[in-house]
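Asks: Below is a structure I'd like to ask you about.
Nothing in this text is a laboratory measurement; each read-out follows from the coordinates by a stated rule. Bear in mind the structure is a predicted one, so any value in this text is a computation, not a measurement. In this analysis, Cβ positions are derived from the backbone assuming ideal geometry, glycine residues included, and neighbour counts consider all displayed protein chains.
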Amino acid sequence: MVYIRLARPLNAGIAGLVVLTGAWLSGSLDWPLAIVASVSGALLIAWANADNDILDAETDRAAHPERPIPQGRISPERARVFSWFLLIPAMALAAFLPPFSILVFLAAMVLTALYNRTLKRFPVVSNLAVSLAAALGFLYGGFTGRSITGPLWASFLALFYHMARESFKSLEDMQADRVSGRRTVPVAWGEKAGMIIATAFACLMIVATTLPFILGYFGIFYLIAVLVLVDGVWIGLVAYMWIKRNYGAVSVAAKLDMLAALLALVLGRIG
């Protein structure tokens, strides 16, 4: 159970589905390669989560005392060994993929490592780093197929989606970040500024989701799904955030709505 909590399987599982979706959007799904890429991507995200908890072991005693390391359920040394058991298989599986997929894997690995060690301390930059790493998942899977156009569209949309979601999460973690000395937007510029930026990114994301249909790449099935399952939900989340200021509930709902966003992208290739 301790190791499962370190890996955060929900995050890792969604990352694996993102990679599979990227492969599906490539127009020529090679199932063996797509599954290898999906498992590799999930393991990479699991490693990034464990690595983050190890590096934050001291600050988490005050900021996130519920996590396994500050609870004393596992030592940082044992957690580090576990993290290598995640990263090494991820790298080994990535070696079987096409060269551009390998480059994307290395870029995502370096970006998450930099985030965990340095970038998380800077407002906006920290959210951008996480969003870029998440968006790369579509390209990672997409390069296993024939065409990269669909995965590029998905990565473009994912960048806006995650910038909005990370803005919500910064609000959720505001008190913990203040204790740990992390300078996110709500900590550095104030809670209201964080809410305004989260709203702005959500609006940009909603506008961006219509572009693949307007420009003729995705069809009507995509448009209906994205308007109902993604844009409609996010309009409600933004309104709820301003009315209730329950940032935790908004952040969790935004994470779960990623599954609906993936469904909309899958339908985009169908028609």
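Asks: Between residue 175 and residue 227, what is 0.36 nm times their sequence separation minus the Cα-Cα distance? Round to one decimal in nm.
Replies: Difference between extended and current length: 15.4 nm.
Asks: What FRET efficiency would be calculated for the residue pair residue 118, residue 246, taking the C-beta separation as r and a Förster radius of 30 Å, to the nearest 0.05?
Replies: Computed FRET efficiency for residue 118 and residue 246 comes out at 0.45.
Asks: Here's something else I'd like to know. Can you give the FRET efficiency for residue 100 and residue 255, using 1/(1 + (r/R0)^6), R0 = 41 Å, r = Cβ-Cβ distance, to the nearest 0.05?
Replies: Working from the Cβ atoms, E equals 0.90.
Asks: Going by how many other beta carbons lie within 10 Å of each one, how would you line up 64, 162, fewest first?
Replies: So the ranking, lowest neighbour count to highest, is 64, 162.
Asks: Which pairs in the list 120/169; 192/255; 120/244 are over 18 Å apart, alpha-carbon to alpha-carbon?
Replies: Cα-Cα > 18 Å for 192/255; 120/244; rest within.
Asks: Calculate the spin-label point distance for residue 71 paired with residue 210, positioning each point 7 Å from the Cα along the beta-carbon direction, and give it in nanometres.
Replies: A separation of 4.6 nm, rounded to one decimal place.
Asks: Compute the Cα gyration tensor for the range 157-267, then decide on rounded, prolate or oblate, letting a ≥ b ≥ c be the square roots of its eigenvalues: rounded whenever a/c is under 1.5, prolate when a/b is larger than b/c in the other cases, and oblate in all that remain.
Replies: Cα axes put the range 157-267 in the prolate bin.
Asks: Return, ordered by residue number, the residues of the range 29-63 whose backbone nitrogen is under 16 Å from a label point located 7 Å along Cα→Cβ of residue 3.
Replies: 43-44, 46-51
Asks: Suppose the chain between residue 29 and residue 191 were pulled fully straight at 0.36 nm per residue; how much longer would it get relative to their current alpha carbon spacing?
Replies: Gain on extension, residue 29 to residue 191, equals 53.9 nm.
Asks: Let me ask something additional. Can you give me the C-alpha center-to-center distance between the range 17-36 and the range 145-159, rounded to a whole angstrom?
Replies: One Cα centre to the other: 12 Å.
Asks: Let me ask something additional. Could you pull the Cα extents of the range 42-156 along its three principal axes, largest to smallest, in whole Å?
Replies: Largest first, the range 42-156 extends 48, 32, 19 Å along its Cα principal axes.
Asks: Among residues other than residue 37 whose Cβ falls under 15 Å from its Cβ, what is the net charge (Lys/Arg +1, Asp/Glu -1)?
Replies: 0
Asks: Give me the log10 of I(q) over I(0) for the range 177-230 at q = 0.20, 0.30 Å⁻¹, as the Debye formula computes it from C-alpha points; what are the numbers?
Replies: -0.71, -1.08
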